[in-house]
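Engineer: Pasting a structure below so you can have a look.
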Amino acid sequence: MKWMMTLTTLSLVGIAITGNSIYSEVQLFNKTTASAEVTANMYRSLIWHMDVYNDHEFIHVAESYFADGKIDAREYSKLLHLAKETSGPLIYLTQSEEQLWHARITFKKYLENREEFQLVASQ
């Protein structure tokens, strides 16, 4: 009977420690990946994908994710999944990490120019 109580107690302690560590990892994951912006290569691959496939759903979702001025890792993974479902894969172009700011500005200008082009084309 003592062994059963001891094993039960140790099992409960182990479950509590494991649950706590999983909870801590989830909290850390939510904090770190939510704010991690994608790389310049990823922005360029989004532009390439939009130019090649011209998928309106993908473009609309990308514009909504870029509303705050950047695309984070979670949003990019959702775009990656959407791209695989609707049209085709995203291709990473090799660029240096220093060009992230320029890539972000280029992506913003691309979205703005695309909207202007669509307005002219619809008239």
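Engineer: Any chance you could look up the accessible area of Thr86 with a 1.4 Å probe, heavy atoms only, rounded to 10 Å²?
Structural biologist: 60 Å²
Engineer: Here's something else I'd like to know. Could you check the spin-label model distance between Met5 and His102? Points 7 Å from the Cα along Cα→Cβ, value in nm.
Structural biologist: Output for this residue pair reads 7.2 nm.
The values are calculated or read from the model by the stated rules, or taken from the named source; none is laboratory data. Being a predicted model, the structure only gives us computed values, none of them experimental. Quick reminder, even Gly has a Cβ in these numbers, built from the backbone with ideal geometry, and neighbours come from all protein chains shown. Protein only, heavy atoms only, side chains kept; ligands, DNA and RNA dropped before computing areas. Shrake-Rupley method; radii C 1.70, N 1.55, O 1.52, S 1.80 Å.
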